[in-house]
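Student: The structure that follows is given in the form of structure tokens.
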Amino acid sequence: MSERLISFALSQRFLVLLVAFGVLFFGASSMLKLPVDAYPDIAPTQVKIILKSSGMTPAEMESRVMIPVEQNLQSIPNQTIVRALAKYGLCDITIDFEEGVDIYWARQQVAQRLSEVKDILPQNITGGLAPITTPLGEVLMFTIESQTLDLMQKRTLLDWVISKRIRSIDGVAGINALGGYVKTYEIVPDFAKMKLHKITMQMLESAVRKNNKNEGVGRLSIGEQSLFIRTEGRLKNLGNISRLIIKNEDARDVRISDIAEVRIGSLTRGGFVTKDGKEEAVQGLILSRKGADASGVLKRVNAELKKIEKDLPKDTTLNIFYDRSDLVSKAIYTVTKALLEAMALIIIILYIFLGSFASAFSVAIILPFAAMMTFIAMSYFGISANLMSLGGLAIAIGMLVDAGVVMVENIAEHLQDEKYKDESKLNVVLASAKEVATPVFTGILIIIIVFLPLLTLEGLEGKLFVPVALSIVFALTSSLILALTFIPVISFYVLKKASQKQVALMTFLENRYEKILRFSLFHQKSVFVGVGVLWIVAVMAYVGVGKTFMPTLDEGNIIIGIEKNPSISLEASRDIDLKIQKALMRDVPEILSIVARGGSDEIGLDSMGLNDTDTFLVLKPKEEWRVPSNEWLLDEFRGVLDEFVGIEYSFTQPIAMRVSEMLSGSRGDIVVNIYGSDIDMLEEMAKKVAKITESIEGSSDVYKKANEGVAYWELEFKEEAMARHGVNKDELSNYLKASVDGIEVGIIQEDLRRIPLMIKGDKTLQTTMSENKNLKYVLPSGESVEINELVEFKMTQGPVQINHENTMRKSLVQTNVVGRDLVGFVDELSSLVEAKLELPQGYFIEYAGEYKNQQRASKRLSIIVPISIVLVFILLVVTFKSALQAFLIFLNIPFALIGGVFGLYYTGEYMSVPASVGFIALMGIAVLNGVVMLEYFNKLRGSVGDSEELVIQGALRRLRPVLMTASIAALALIPMLFATGPGSEIQKPLAIVIINGLVSSTFLTLVLLPILYHKFVAKKG
């Protein structure tokens, strides 16, 4: 088939060129239209439910909200995991579905199950499904800066001006508003005056609710006119509210102003934002919709923010402190730079080896055409241009020219051979191209086959590395098609049919190689022993190589998670954050700015308590650091943070944080989940696990959330007293809620803004319990009774939060791992936990996070890679019609791995998924070189009688293509080896494996393979 394709291409040369340049144009168009992002979309199909109920403890949220909802969600098909969290006044449930499940179908199923249990949930429950975003949906963050606006004005500007315009942008799922004060109209009752006028809370609430409506009366027809009639009853301002009549007493109207103060207030805050250790701030966080092109969304958002900024009040600006497009552009620049540098190196190597610009051009031209064909395929299959897919192209760039090298080198050799001087140029090109068609086709097909196991990866590793495998497969397939069609045509037009002076480098290498080969053939046993020793040493080195999932991507920003006393107030938590920020900015000049958010956000996507803070550090460029090292910088932060007593801290990065939460519901390289039934027992077990974890070398930022010691005032109804006074629980609960947290009784419309109207007690009632105990409750009869006669006040303690996974309670311990491999760390941790911790009946432990991904990926590859190797062997048997020759080529694989293992061992890199990709690529290249070598040996068997001369002539003839393919594949990855910036961490282990592996692979192909062929095939032939 390959030979017929070459014949067709050379007979239809103009058509081939026309199609090729058409592909180039279409490919360039596809490249420009590709969505661009830092990462592939790694999030699973995920639906989040956020339910809120002010005043309910975690235990109540668990029993009354979380458990009923969880149980009803169990019947939804295709779900993989359900995680739930109950905190004070909040329940957060996350459902992950199998790959391929439609997000809208999943949301419909969850919404249906949620509606089925609504009737049995508490009446004051609010919330529902979270926006259609992903854990990686946080694409842009900004603060509102102004010298003239206060925090409430900034928040109002964010809620009613900026948010409305941003939400209308295609691809935006929502905007999360953080910090500041949400404006309300407040009716602040004076309970003494209410007692004096005998006005109950129900009367006040009813008066407001019933007198804040515009209603349509109907339509009046007068002659030919039709007039609509409506009542104007809405409250519009503070004056309207103050003048509202509650009742008439002794011929005198009692108005709201007689028994309450009416003022502008704010909702009770669940969180806050601080900035640079100076003041509070207001922050906007923009969420992209699942499946949207993040790069396109960010372009539209940035353009709209610039327009919005022009319409803001004077001296008001938007300070963007995190923009995902910065990371995207840096990551894409890193891999694009490596690609361009690799192309330049390839062209130089081609010229050095071929000694002719025309020959080098004939090979190098395959690069842009193969790249454009790859972009066409990526566009067709919906693969974005990201760190992984472009990284795959960068890996393949050295292999793209392999087929072209073999093809052009053979054509050039034949055109320069005096033997063919009387034949037409077309016939020489056709014959020489056909001569290597089979090894080229087989070799590239084998490389494609060895990459197929990556397509079977699942979970996070699948989402990351399937785009890598696909881009490599697309690129290699493109190079194969071009090598069998376009390259022979270009060679026909570019290469000259004339003798050419032997390249000096090749003359030198051939002379040296011939001596080495003759020596090796004479000392075969010594060679076998040497290779055997190398193999044994490599196996020993492999045992010493650590194993991990993925190198950590340097995102350029750091987040410090800070935890304080569980019962801390909002104000105290804010003050500590400001002190920490001042100290960090004073002692660590590498910090440009700090924006920290404490407590929960408005939507509830971050279910943090008032004692939790995510401190976002904006850093200066690395070249401005005193020491350009992330580990050094983290140690500087630790030095500052250790000065603050009573806090726990951990380090992460924006994307890494969300990926960890997506994988395990927590942050950290490794998460130890302890499952059981009793909360106190789980807490005790978690403390012991944390202590064991801290004792292990390599553990860093070990974190176990303080889950006890939260103080609650528990109010118990005195039912007999309530019955005696004719008071019911619902009315009394409403009264107490109004006095502390406030109750919403309507809306005040300010143009297009809807501002809540609240009944809310004075600030003293929110800061001291004694004032609440002394409140006078007005009875329907007009008499009053002290509240402590109706309610007993008790101080109790409870958990901060209750975690569930698949309806089971759990506690967890998280840790980062520094200076050692992930698998070795978990092996040591699990053995220590098993030895030192006796779990009660029904309790068990699981290890999650990146470790779980590494184990799943290793298990998958250990099954699929051998299958692909068997397929390669079958293909070799079919090609050479000899199991023995197929086996000889196959020996190249284990010996090619020697260099890769040594490379990892001596550089201190770990065996990770990127390193595994390097070994897979190495296997393909090793087999390709073996195929090229053996195919020519077989060709010479009919013309060269002496077996030793046969392998020497054949090896010398194939020296140049073997050296070229190996050198190009290795040197094309040199830019990856020395690259810096986001993404270089993933490329480095891969480059180390391939470069070092090709050294051993090439040596063994050129020395061991001729010896084996001579011993087992040529002699016996």
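Student: Rounded, prolate or oblate, given the Cα gyration tensor of region 164-282, with a/c below 1.5 counting as rounded?
Tutor: Oblate is the answer for region 164-282, as a/c is 1.5 or above yet b/c matches or exceeds a/b.
Student: Take region 44-133, compute every pairwise Cα distance, and split them into 5 Å bins from 0; I just need the percent in each bin.
Tutor: Spelled out bin by bin, region 44-133 gives 3, 15, 29, 25, 16, 9, 3, 0 percent.
Student: Let me ask you something else. Please sort through the DSSP H helices of the chain and keep those with an alpha-carbon extent of at least 18 Å along the long axis and a Kyte-Doolittle average not below 1.0. Before the final figure, lay out the partial values.
Tutor: On the way: long enough: 13-33 (30 Å, 1.79); 103-117 (22 Å, -0.38); 294-311 (26 Å, -0.62); 324-354 (45 Å, 1.46); 366-380 (21 Å, 1.67); 387-416 (43 Å, 1.30); 437-451 (22 Å, 2.58); 459-484 (37 Å, 1.78); 504-522 (28 Å, 0.29); 524-544 (30 Å, 1.64); 570-587 (26 Å, -0.51); 679-694 (22 Å, -0.13); 822-836 (21 Å, 0.81); 850-880 (43 Å, 0.95); 892-907 (24 Å, 1.16); 913-940 (42 Å, 1.45); 984-1013 (40 Å, 1.44).
Result, helices passing both filters: 13-33, 324-354, 366-380, 387-416, 437-451, 459-484, 524-544, 892-907, 913-940, 984-1013.
Student: Label region 270-356 by shape, choosing from rounded, prolate and oblate, from the square roots a ≥ b ≥ c of the eigenvalues of the Cα gyration tensor; if a/c is under 1.5 it is rounded, and otherwise prolate applies when a/b is larger than b/c, oblate when it is not.
Tutor: Note, shape of region 270-356 comes out prolate.
Student: Among SER471, ILE536, LEU553, whose Cα projects farthest towards the positive end of the dipole of the chain, with charges put on the beta-carbon of Lys, Arg (+1) and Asp, Glu (-1)?
Tutor: Result: SER471, furthest along the dipole toward the positive end.
Student: Now, a different point. Would you order THR552, THR815 from fewest to most other beta-carbon atoms within 10 Å of each residue's own beta-carbon?
Tutor: Fewest-to-most ranking of THR552, THR815: THR552, THR815.
Student: Where does each of LEU460, LEU484, LEU426, LEU151 land when they are ranked from fewest to most other beta-carbon atoms within 10 angstrom?
Tutor: Fewest-to-most ranking of LEU460, LEU484, LEU426, LEU151: LEU426, LEU151, LEU460, LEU484.
Student: On to the next question. Counting C-alpha atoms alone, how compact is region 355-475: give Rg to one decimal and Dmax as a whole number, in angstrom.
Tutor: In Å, with Rg to one decimal and Dmax whole: 17.6, 61.
Student: Taking the Cα centre of region 745-864 as origin, sum charge times position over the Cβ atoms of Lys and Arg (+1) and Asp and Glu (-1), and report the length of that vector in debye to the nearest 20.
Tutor: Result for region 745-864 is approximately 400 debye, rounded to the nearest 20.
Student: Regarding region 745-903, what are the three Cα extents along the principal axes, ordered largest first, in Å?
Tutor: The Cα atoms of region 745-903 stretch 105, 56, 31 Å along the principal axes, largest first.
Student: So, one more: Would you mind working out the magnitude of the charge dipole of the chain relative to its Cα centre, with +1 at each Lys and Arg C-beta and -1 at each Asp and Glu C-beta, to the nearest 20 Debye?
Tutor: Using only the charged Cβ atoms, the result is roughly 2940 debye.
Student: Rounded to the nearest 500, what is the 222 nm mean residue ellipticity of the chain from helices alone, with -39500 (n - 2.57) per DSSP H run of 4+ residues and division by all residues? List each step's numbers first, then the result.
Tutor: Working: 39 runs with 539 residues, N = 1021.
Mean residue ellipticity at 222 nm (helix-derived): -17000 deg cm²/dmol.
Student: Another question about this same structure. In the structure displayed, which of LYS275/LYS564; LYS691/LYS810; LYS463/LYS859; LYS515/LYS988 lie more than 25 Å apart, Cα to Cα?
Tutor: Details: LYS275/LYS564 18 Å; LYS691/LYS810 18 Å; LYS463/LYS859 17 Å; LYS515/LYS988 36 Å.
Where the Cα-Cα span goes over 25 Å, the pairs concerned are LYS515/LYS988.
Student: Please go through region 798-858 and write out the GluC sites (Glu not before Pro) that DSSP classes as loop and that have at most 10 other C-beta atoms within 10 Å.
Tutor: Answer in residue order: GLU838.
Student: Follow-up question, since we're still on this one. Which of SER947, ILE995, VAL65 sits closest to the plus end of the dipole of the chain, meaning its Cα is farthest towards the positive end, when Lys and Arg get +1 and Asp and Glu get -1 on the C-beta?
Tutor: Value: SER947.
Student: Tell me the relative contact order for the chain as a rounded percent, counting alpha carbon contacts under 8 Å between residues six or more apart.
Tutor: Dividing the mean separation by the residue count of the chain yields 17 percent.
Student: Label points 7 Å out from Cα along the Cβ direction at LEU17 and LEU839: separation in nm?
Tutor: About 7.2 nm separates the two model spin labels.
Student: With r defined as the distance between the Cβ atoms of ILE516 and ILE536 and R0 fixed at 22 Å, what FRET efficiency is calculated, to the nearest 0.05?
Tutor: The computed FRET efficiency comes out at 0.45.
Student: So if we plug the beta-carbon distance of ALA431 and PHE978 into 1/(1 + (r/R0)^6) with R0 = 45 Å, what FRET efficiency do we get, rounded to 0.05?
Tutor: Here the calculated transfer efficiency is 0.55.
Student: Moving to a separate point now. Taking the Cβ of each residue in MET808, MET388, MET681, MET758 as the centre, tally the other Cβ atoms inside 10 Å and list the residues starting with the fewest.
Tutor: Going from least to most buried by this count: MET808, MET681, MET758, MET388.
Student: What is the extension gain from ASN557 to VAL878, computed as 0.36 nm multiplied by their sequence separation minus the C-alpha to C-alpha distance, in nm to one decimal? Write down the numbers at each step before the final one.
Tutor: Details: separation 321, 0.36 × 321 = 115.56 nm, distance 5.38 nm.
Length difference between fully extended and current span is 110.2 nm.
Student: For region 609-728, would you read off the P(r) tail past 24 Å as a percentage of all alpha carbon pairs?
Tutor: Within region 609-728, distances greater than 24 Å cover 49 percent of Cα pairs.
Student: Please report the orientation-averaged projected area of region 557-652, defined via the convex hull of its C-alpha atoms, in nm².
Tutor: If you wrap the Cα atoms of region 557-652 in a convex hull and average its projections, you get 6.1 nm².
Student: Select from region 201-291 those GluC sites (Glu not before Pro) which occupy a DSSP coil region and have at most 16 other Cβ atoms within 10 Å, ordered by residue number.
Tutor: GLU224
Student: Tell me whether region 10-159 comes out rounded, prolate or oblate; compute the Cα gyration tensor, take square roots of the eigenvalues as a ≥ b ≥ c, and use a/c under 1.5 as the rounded threshold. It would help to have the intermediate numbers written out before the result.
Tutor: Working: a/c = 4.27, a/b = 1.73, b/c = 2.47.
Oblate, since a/c reaches 1.5 and b/c is not below a/b.
Student: Holding the Cα-Cα limit at 18 Å, pick out from LYS718/LYS773; LYS278/LYS582; LYS737/LYS763; LYS154/LYS213 the pairs that are longer than that.
Tutor: Details: LYS718/LYS773 14 Å; LYS278/LYS582 8 Å; LYS737/LYS763 13 Å; LYS154/LYS213 29 Å.
Violating the 18 Å limit, Cα to Cα: LYS154/LYS213.
Student: Semi-axes of region 876-978's equivalent ellipsoid from the Cα gyration tensor, sqrt of 5 times each eigenvalue, largest first, rounded to whole Å?
Tutor: Computed over region 876-978, the values are 31, 15, 11 Å.
Student: To continue, here is another question. Pick the calculated Kirkwood radius over Cα pairs in Å for this structure from (1) 48.0; (2) 30.5; (3) 33.2?
Tutor: (3)
Student: Out of the DSSP beta bridges found with both residues in the chain, what percent are antiparallel (nearest 5)?
Tutor: Within the chain, antiparallel bridges account for around 95 percent of the total.
Student: Positive end of the charge dipole of region 44-133 (Lys, Arg +1 and Asp, Glu -1 on Cβ, about the Cα centre): tell me which of LEU114, TYR104, GLY89 has its Cα farthest that way.
Tutor: Of the candidates, GLY89 comes out farthest on the positive side.
Values in this text are rule-based calculations from the coordinates and carry no lab data. Note that the coordinates shown come from a computational prediction; the quantities given were computed from them, not determined experimentally. Every residue, glycine as well, gets a Cβ built from its backbone with ideal geometry; the counts of neighbours run over all protein chains shown.
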